[in-house]
Each structure stands twice: as C-alpha cells, then as structure tokens.
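Heads up, the thing below is written out as structure tokens.
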Amino acid sequence: MSDVKNIVVIGVGLMGSGIAQISLMAGYNVTVVDIKQEFIDKGVASIEDGLKRLEAKGKLSLAENMARLNTTLDLSYAVKNADYIIEAVVEKMDVKKEIFKICDNNAPLHCIIASNTSTMSVTEMATVTNREDKCIGMHFFNPAPLMKLIEVIAGEKSSEESMEIGIEVSKSLPCLRGERYIAKVLKDRPGFIVNRLNAPGSIYFNYLLDTCFEKGIPFESLDADYGSGGPMSPLVLIDYTGIDTAYHGRNYYAETLHEDFRPGKALTKMFNEGKLGRKTGLGFYDWSKGRPKPDFSKIQKAGLVDHDVILAIRLNEGCRILEEGIASGWKVIDDANMAGMNFPGPFGEGIKNYEKYLKRLINISEEIGSEYLKPCDLFKSGNFVDMK
Ligand SMILES: NC(=O)c1ccc[n+]([C@@H]2O[C@H](COP(=O)([O-])OP(=O)(O)OC[C@H]3O[C@@H](n4cnc5c(N)ncnc54)[C@H](O)[C@@H]3O)[C@@H](O)[C@H]2O)c1
C-alpha cells in the first residue's frame, strides 16, 4: 500500500479541475496550480460546482471537501510536500518537460510524477528528471469524474512499484457513472490503448470523406451512413471537437505511426480555409444557430460506409497492440474501450468470425491502397484468439 495523502494537480483547466474534484472526493489533500489567478478561480469554481451538485444529492459535504483544497501560482512551493503529482497542462512537450524538471527539483524523493498527456511520450518527459523510475502516465478521459477509464502508462524506465502506486491511486478516485476501470498500459506507445485502437478508423474515414469531396456527394449523406449511434453523429462530433483537432491528430499519428494517417484533401481544405466547426461557426455543418441536429431519416445515405470494415480495422489494430506488448490481453483492450468510449471493443464480436473480417480488411486495404491497413501477422495467424 502506498502512503499517498497529498496530491498536486498542475493545470486546473478542463481535465485538471475534474481530476482535482475526484481527488478531493477520494479524501486526499489537493493543491491545484496554474499560471494565472483567473484560471485558478475558474478551475476552483468548476470543482465547487461539481461538488455542490453531489452535496445536493446528499452524497458529500462541500465544506469538508473544499477544506482540503489549496491553490497556488507557485509550482515549486506547491510540490514541497507532494506524494503524488498529476500534470494536466497544455499538450506541449517543452512545457511539460519544464514542469517535470521543477517538480523533480522540489518534490520529496518518494513523490510520483504522472502526466495526463493524451498523446505524448512519458518516457521523454521523464528524461529531464533524476527520477525516471517514478514518472508514469495517467491518462484520464473527459470528463474525468464521469468516464470510467484511466490508463496508467509505463514509461521505459518506470518502476513496477511506481506503476502499482499509480494504479492504486487511480482505483481510489471515484467515478460518478459506475465503477472505475484501470487499464495497465505496458508500453509508452502513441495513443496508448484506446485512442490507438480507434485511430486507424480515420484512414478509412479520410478515404470516404475524399470520395464524397471528389464525387460531389454531400458530407451529411456520409454522416447518414454512419447514423447517430451515440449522442452525436461522427461529422457533428468532429465539428464539435474541432476540425483542427482532427487535423493535428491525424498528423501526429502520421509522424509517430505511419504516413497513411495524413489528413486527406477534404479535411486539409477545410483546415486551410478556417472551417473548424463549432468554434468558427462553420465546418461540415452550419453552427451559427447552435448545434446542428440532422434528421437522418430525411437525408439520403451515401451508401459508402461498411461497418464490417470498421470492425476489421479495429480488430487489426487491437492485434497490433497485442503484438507490440502494449496490453496483456484482448480483454483489457475491449474492457478499456467500453470504459473509455462507451462502446464495445472489437474482440468480443470480431473473434467469432475473424476470417470474414480478415478478408474485408485485405480488400479494403487494397481498394484504398493503404499499407497500414493491411492485416498484421498476429491477425493473419488467428493466434490472438487465445490471448485473452
Ligand atoms: N480535453 C480532453 O478531452 C483531454 C482528455 C485526456 C487528456 N487530455 C490532456 O490533458 C491535458 C490538459 O488538457 P485540457 O483539455 O484540460 O486543457 P486546458 O487548456 O483546459 O487546461 C490546461 C490548463 O493548464 C494551464 N497551464 C498551462 N501551462 C501551465 C504551466 N506552465 N503551469 C501550470 N498550469 C499551466 C492552463 O492555464 C490551463 O488552465 C493535456 O495534456 C491534454 O492532452 C485532454
């Protein structure tokens, strides 16, 4: 058992405020740090708001929780008594490294430094410290109080003990929508488990977008093919999170995994024209009058999307995750996906009929001309079936 009592959350934005809230709810003393008082005030208001709603339901005492919250603009001072640090600042490697360095210089020797990065190498952040064994990744999903999954990531030099403490702290953080699920990520690879599993779908998606673009098929017809399985259809969701986020995300995977991830013609054009979705009022949809609610029963389908292909691509990527030793078995991958994305992973369905999916993948990789979408050796062999 670790002796973590004092947690410091660095960056109290969207993620940091949620992480601080659940750390308080778990009973820790929490210090939040940011670069401007106005950011701290906004973060604290968000924490307070979350706790107030729970107090109204009789679940906790706001005053008791807030009494354990401290705030400061001084990072060196903040970490003096820290047992566990969670960094949740902007996704920029140089900023994260600077923070890791200050933490290393000022925090007690036993203190773990965890990063909530969604994409970057924890191994690289750790290199600026003299405690590479005590640096890990701790990837929350948004919003942290509601999403069950936390991926705890081993950097190249993270010790088993640090991973155990990371997992123990993660397990202790309440989830307001069911039981917390912790996925142990054995290797520090781009996208970790869940984002990686779902990333190559974007190669197929780029291809479909470009097909629409070139043939003059309305984008909303492609959206109608996918349908609205979740709260938002895929194109509304991309608009909502930002065309720029999708564009940068694809370039990130192009640089770290394979060139085939590069954004296609349609997405690049929209990015270059500043049609970024919700934030600019125009993307695939017009957002000037609020969130678009396309009525798919009235929109003609493009007839392009093959759902078997989507599953085949995810199954193949799951096999790559196993091949690379990132997860211990396919059940972790499926469970992590459900906990992080609220929809099933590919193995439960895919294993039953994997040869069918293998054929679909071979066909689509040839049709698109994508090297990356070709089945990996583990998928071809079928041996993953026993790697539960
Ligand atoms: N937003 C998501 O859905 C999501 C999901 C998982 C992980 N993440 C990761 O979490 C991290 C934070 O993302 P976010 O969406 O909360 O961003 P955000 O912009 O909402 O918050 C970042 C906060 O960090 C502060 N900050 C910046 N530099 C700082 C410094 N040097 N010292 C202290 N504070 C500093 C900013 O002022 C801001 O308040 C990123 O690494 C991101 O990749 C985000």
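The values are calculated or read from the model by the stated rules, or taken from the named source; none is laboratory data. Keep in mind that this is a model prediction, so the values were computed, not measured. Every residue, glycine as well, gets a Cβ built from its backbone with ideal geometry; the counts of neighbours run over all protein chains shown.
Summary of values
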| item | result |
| --- | --- |
| Among residues of region 150-164, those that are touching a residue at least 40 places away in the same chain (Cβ under 8 Å) and either within 14 Å of the chain's Cα centre (by Cα) or within 15 Å of V122 (Cβ to Cβ) (or both), counted | 2 |
| Residue within region 241-263 that is within 22 Å of F343 (Cβ to Cβ), at pLDDT below 95 and in a loop (DSSP other than H, G, I, E, B) present | yes |
| Conditions (1) exposed (fewer than 15 other Cβ atoms within 10 Å of the Cβ); (2) farther than 18 Å from S381 by Cα: number failed by A327 | (1) |
| Any hit, region 149-159, residues being of a type in the set (G, A, S) and either modelled with pLDDT under 95 or outside any loop (DSSP other than H, G, I, E, B) (or both) | yes |
| Filter result for G318 (among the small types (G, A, S), in contact with a helix residue (DSSP H, G or I) (Cβ under 7 Å, 6 or more places away or on another chain) and over 26 Å from K215 (Cβ atoms)) | yes |
| Residue list for region 116-135, filter: within 15 Å of the ligand (Cβ to nearest atom) and either touching a Phe, Trp or Tyr at 6+ places or on another chain (Cβ under 8 Å) or touching a residue at least 60 places away in the same chain (Cβ under 8 Å) (or both) | N116, S118, T119, S121, V122, M125, V128, C135 |
| Candidate set: region 233-265, residues that are crowded, with 20+ Cβ neighbours inside 10 Å, among the hydrophobic types (A, V, I, L, M, F, W, C) and out of contact with any Lys or Arg (no Cβ under 8 Å at 6 or more places or on another chain); chosen: the one farthest from M120 (Cα to Cα) | L235 |
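Table: residues versus (1) within 13 Å of the ligand (Cβ to nearest atom); (2) touching a residue at least 40 places away in the same chain (Cβ under 8 Å).
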{"site": "I7", "(1), (2)": "no, yes"}
{"site": "M15", "(1), (2)": "yes, yes"}
{"site": "A26", "(1), (2)": "no, yes"}
{"site": "Q37", "(1), (2)": "yes, no"}
{"site": "G50", "(1), (2)": "no, yes"}
{"site": "T72", "(1), (2)": "yes, yes"}
{"site": "I85", "(1), (2)": "yes, yes"}
{"site": "V89", "(1), (2)": "yes, yes"}
